[in-house]
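Scroll down for the structure; my scribbles are underneath it.
Values quoted throughout were computed directly from the atomic coordinates according to the rules given, and no laboratory measurement underlies them. These numbers were taken from a predicted model, which means no experiment stands behind them. Note that each Cβ is placed from the backbone with ideal geometry, even for glycine, and that neighbours are counted across all protein chains shown.
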Amino acid sequence: MIESYFQPQNGTSGRFATDSFFSRNAYLGVATPYGSIRAGRLTTPLYISTINLNPFVSMDKKICAELAQSCKRMAAPYESVPSGAGHDASLCANAGIPSGMLFIRNENGSHNPHEAMDIDDFMLGVRVLADTIEHL
């Protein structure tokens with residue numbers, strides 16, 4: 001079975017604009033009176049999560065540009081990087097709410113029992129955020 005979604009009114013695939021790639025089924029299966037077996041891509045138990053959360057969304061260009069300008073004003077080194085992080089910002093962006101993300105360096109990475117963020121870096125991030133908000 002190969003399953004896909006098609007919108008005849010506009011010729012696009014998916015059920016809606018942010019429908020994720022993993023929200024469709026593509027598998028081979030055999031069913032008998034004793035049970036069934038399937039192999040391939042199946043709707044996951046987290047199906048609703050995959051259609052509601054697409055972390056690979058574009059952040060708002062104006063907000064990102066202002067974050068960069070604030071970093072320059074604060075003499076804070078920065079990089080513009082893509083992120084697959086599933087933060088609230090991706091949910092807001094998917095809902096059409098202008099969003100951006102500011103990451104603060106952390107020696108051992110986040111969600112790590114040995115996280116090690118320098119308080120000076122944290123406070124610089126707070127100042128960059130405040131400056132960005134002030135200039136938006």
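Descriptive notes on the structure:
- Counted by Cβ distance under 14 Å from residue 108, the other residues give a net charge of -3, where Lys and Arg count +1 and Asp and Glu count -1.
- Estimated inter-spin distance, residue 72 and residue 58, nm [label 7 Å along Cα→Cβ]: 2.1
- Kirkwood radius and radius of gyration were both taken over the C-alpha atoms of region 60-106, and their ratio Rg/Rh is 0.98.
- Net charge over other residues, Cβ less than 12 angstrom from the Cβ of residue 124 (K, R count +1; D, E count -1): -1
- The modelled label-to-label distance for the pair residue 127/residue 38, using points 7 Å beyond Cα in the direction of Cβ, is 5.6 nm.
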